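Data block below; observations after.
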Amino acid sequence: MIVRAACCAIALLCASAAAHEVRPAYLRIVATAEGQYDVLWKQPVTGGRLLPLAPAFPDRCTTTATHVDTVTADALIRRLRLDCAGGLRGETIAVDGLARTITDVMLHVQLADGTSLAGVLRPAKAAMVIESSATTETFAYLALGVEHLLFGFDHILFVLCLLFFLYRRVAALIKAVTAFTAAHSVTLGLSALELVKLPQAPVEAVIALSILFLAVERVRSPKRSITTDHTWLVAFAFGLLHGFGFAGALADIGLPQQNLLLALLLFNVGVEMGQLAVIAVALAVVWAIGRLRIDVPRKVVLAPLCGVGCLAAYWFVERTAAIVS
């Protein structure tokens with residue numbers, strides 16, 4: 001009993017953290033001629049509120065808007081022309097207001113000589129010097145994959161719900177997690193390469209429904225069902241859907257065309273690293289609390305899981321309402 005209570009407590013803590021995953025902003029600067037650049041700035045809209053962020057360029061550079069700003073339900077998209085005599089090499093690019101948020105900014109810079117640089121600006125380090133030793137795309141996309149999983153609370157809740165069915169069966173747990181990984185890797189790749197495309201809003205709504213499904217199945221606790229007998233199959237089916245969710249976040253970040261497959265691979269590896277970290281922590285807590293051998297009434301055990309189900313139901317209604325409104 002205490003094992004299940006521990007699982008529920010972990011899930012509830014994750015659920016209370018936020019209703020939506022934290023999406024990074026994206027700043028792309030591409031040289032069109034010596035000292036001239038096209039700039040794309042995309043920043044997330046959270047809860048209908050635009051974060052007070054703005055890219056900051058060297059004082060000797062001037063910017064001119066080339067398009068009317070586009071505002072969607074999820075992001076502000078701004079396109080600029082940047083004129084900077086002498087180029088950007090050795091100069092500092094920053095994002096004003098970033099230190100007061102929990103948002104990261106993915107930065108891509110392509111210079112006139114063909115040099116392509118990338119890095120991640122964070123609240124603790126909101127600026128980067130444009131030089132050859134700047135953070136490479138490899139580490140940037142790996143870190144973004146880890147962060148996306150750790151801040152993607154709906155994905156975390158789904159994985160933790162799987163643990164409710166399999167915490168006593170390690171082999172079955174490995175099988176289910178492997179199936180989930182394989183499934184979302186397939187759809188993430190297909191979507192990122194634009195071979196298959198689904199609208200993001202319905203995908204996010206059904207992801208919430210997948211969490212609600214697992215919560216209801218566990219609370220109902222049937223003796224036999226496809227979820228209890230073939231958890232790996234359920235994990236695989238919903239994993240295909242979650243892959244499209246990961247792809248939506250990756251689309252917000254953007255992929256470098258020169259190293260598209262490598263960036264995609266590293267983002268997916270980062271997602272898996274975050275997933276394994278969540279599972280490892282959850283199992284460690286379950287093992288530690290289980291050693292206390294305290295018997296807890298079933299109603300107390302299931303109460304937090306009911307909370308997770310209610311939260312998932314709220315997400316589903318909220319996301320569905322956003323589609324039809």
message: For the stretch 186-202, give me each residue that is within 16 Å of the chain's Cα centre (by Cα) and surrounded by fewer than 20 Cβ atoms within 10 Å (Cβ to Cβ).
response: 189, 200, 201
message: If residue 299 satisfies all but one of (1) out of contact with any helix residue (DSSP H, G or I) (no Cβ under 8 Å at 6 or more places or on another chain); (2) modelled with pLDDT of 80 or more, what's the number of the condition it fails?
response: (2)
task: Would you check which residues across the stretch 272-287 are at pLDDT 80 or above and of a type in the set (A, V, I, L, M) and list them?
output: 273, 276, 277, 278, 279, 280, 281, 282, 283, 284
message: I'd like to check something: does the stretch 302-320 contain any residue that is at pLDDT below 85, of a type in the set (Ser, Thr, Tyr) and surrounded by fewer than 19 Cβ atoms within 10 Å (Cβ to Cβ)?
response: no
- line: If we keep only residues of the stretch 179-232 that are among the small types (Gly, Ala, Ser) and not in a helix (DSSP H, G or I), then the residue nearest to residue 154 (Cα to Cα) is 221
field: Of all residues in the stretch 214-240 being surrounded by fewer than 22 Cβ atoms within 10 Å (Cβ to Cβ) and modelled with pLDDT of 90 or more, the one that is farthest from residue 149 (Cα to Cα)
entry: 233
- request: With respect to residue 269, determine if the residue is of a type in the set (A, V, I, L, M), on the phi < 0 side of the Ramachandran plot, at pLDDT below 75 and assigned to a helix (DSSP H, G or I).
  value: no
field: Of residues in the stretch 149-189 being in contact with a Ser or Thr (Cβ under 7 Å, 6 or more places away or on another chain) and among the aromatic types (Phe, Trp, Tyr), the one nearest to residue 262 (Cα to Cα)
entry: 158
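The values are calculated or read from the model by the stated rules, or taken from the named source; none is laboratory data. Keep in mind it's a predicted model, so treat the numbers as computed, not measured. Cβ atoms come from the backbone with ideal geometry, glycine included; neighbour counts cover every protein chain shown.
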